[in-house]
Ligand SMILES: [Mn+2]
């Protein structure tokens, strides 16, 4: 083997005078020198266009192409992954600033060449919508108020990038903005959950008030006056209160949103009254045993109807035995399989934005069980988008939400 390799190298050297000892001939034109170089390129001669393997390459989400989109306002895409490494407003364990890194690392076994789902019967990476990893928003870790403004500016900028496949978006019945134009779908990779306030601000600007499907162990609609002490205006905005602010600022549609997977403890029933005021219905984690996955997905779909909706997924909705890598873990959560089945059932809803938040890789196992589960959910988000929005005829009649009296 060694002999034949050296024979090969000898032959190659003999036939490549252009490269021998830098004796480059200036009689060649630029183009012919290049074509000769490519002809003699040992890798490309034998292994052209070999895709990366799961363990090779620079780590973008699912080995997707990368562009630093915030620096290139003309960069076109239909779906962008955007990391938001902010964790300056958490109540317990910090570390979600490494969430975008964790999600990308957990996605390494996902590759566009092998992205076909036998359950959803689609490969979201080759479905006609162009998907790009746009890198991260470089948010300041030192000044939360400024960081929130940076997230909002970045997300607004991203929503106004040109789309690639307007015809595909039309065919998929995707929602146009209030301006009549198609805007790309952004999948935000958090970051702590506070980032959803500046995201909803930006989304609301394009689509008007939206509904929210919120997967979480916690309601995150806490009135700041009742949540862990209100010491300043800045402290009042954090990962447990941002939905209250979103309600107060009119970003979410009244009585049209729903939580799923709730199981934390409360100050008292008044927290739940505030939650209803903020416009949310509630599915408890234990409902999955009492009623099952289909009941949960029917309840979500009936609440949401066909209006524009944002899906916000806090990874702590899953049980800490599946996802230990999160800042405020709560026992009794859903399995990754249960949650993925619920996600799959949401195909056809009019989804205008996704985010996945609160992955804090420092608390993960060496086997990256949390990061892999979370990255697979992003794959589900992409698949849901690629399958498009149901027409009017497929929609259930909207049911009444809960009322304060029910509690
Ligand atoms: Mn949360």
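Between region 92-148 and region 207-259, how many Å separate their Cα centres?
24 Å
Relative contact order for the chain: what is it in percent, counting Cα pairs under 8 Å that are at least 6 residues apart? The partial results should precede the final answer.
Details: 795 pairs, mean separation 76.2, N = 407.
Contact order relative to length: 19 percent.
Which of 86, 55, 77 moves most in a GNM of the chain, Cα contacts under 10 Å?
Between 86, 55, 77, it is 55 that shows the largest mean-square fluctuation.
Which percent of Cα pairs goes in each bin when the distances of the chain are cut into 20 angstrom slices starting at zero?
Per 20 Å bin, starting at zero, the Cα-Cα P(r) for the chain comes out as 26, 52, 15, 7, 0 percent.
Could you order peptides 251-258, 169-176 by the average number of other Cβ atoms within 10 Å of their residues, highest first?
Values: 251-258: 21.4, 169-176: 16.4.
Final packing ranking: 251-258, 169-176.
Applying a 10 Å radius around every beta-carbon, put 63-75, 119-131 in order of their mean neighbour count, most first.
On the way: 63-75: 15.6, 119-131: 18.2.
Put in order of decreasing packing, that is 119-131, 63-75.
Mind grabbing the base-10 log of I(q)/I(0) for region 40-189 at q = 0.09, 0.14, 0.15, 0.19 Å⁻¹? Debye formula, identical points on the C-alpha positions, no solvent, two decimal places.
-0.36, -0.81, -0.91, -1.23
Calculated from DSSP H runs of 4 or more alone, at -39500 (n - 2.57) each and per residue, what is the 222 nm mean residue ellipticity of the chain, nearest 500? Let's see the in-between values first.
Working: 12 runs with 132 residues, N = 407.
Helices in the chain give a 222 nm mean residue ellipticity of -10000 deg cm²/dmol.
If I histogram all Cα-Cα distances within region 74-149 using bins 5 Å wide from 0, what percent of pairs lands in each bin?
Using 5 Å bins, I get a P(r) of 3, 13, 17, 19, 16, 12, 9, 8, 2, 0 for region 74-149.
Measure nothing fancy, just the Cα-based angle from helix 369-387's long axis to the longest principal axis of the chain, in degrees from 0 to 90, nearest 10.
90 degrees
Can you tell me the orientation of helix 287-304 relative to the chain, as the angle in degrees between its alpha-carbon axis and the longest Cα principal axis, to the nearest 10?
90 degrees
What shape does region 262-359 have by the C-alpha gyration tensor, where a ≥ b ≥ c are the square roots of the eigenvalues, rounded means a/c under 1.5, and otherwise prolate means a/b greater than b/c and oblate the rest?
Values: a/c = 1.40, a/b = 1.12, b/c = 1.26.
Rounded.
Taking Cα atoms, how many degrees apart are the long axis of helix 30-39 and the longest axis of the chain, rounded to 10 and kept between 0 and 90?
Once rounded, one gets 80 degrees.
Using a Förster radius of 35 Å, what is the FRET efficiency between residue 295 and residue 71 based on their Cβ-Cβ separation? Nearest 0.05, please. Spell out each step's value before the answer.
Working: r = 46 Å, r/R0 = 1.33.
Computed FRET efficiency for residue 295 and residue 71 comes out at 0.15.
Which of rounded, prolate, oblate describes region 209-336, given a ≥ b ≥ c as roots of the alpha-carbon gyration tensor eigenvalues and a/c under 1.5 marking rounded, otherwise prolate only if a/b is larger than b/c? It would help to have the intermediate numbers written out before the result.
On the way: a/c = 1.81, a/b = 1.17, b/c = 1.55.
Oblate.
When the Debye formula is applied to the Cα atoms of region 290-339, each taken as the same point scatterer, what base-10 log of I(q)/I(0) results at q = 0.17 Å⁻¹?
-0.64
Any read-out appearing in this document is the output of simple, stated calculations on the displayed coordinates, not a laboratory observation. Given the structure is predicted, the values throughout are model-derived calculations rather than measurements. Cβ atoms come from the backbone with ideal geometry, glycine included; neighbour counts cover every protein chain shown.
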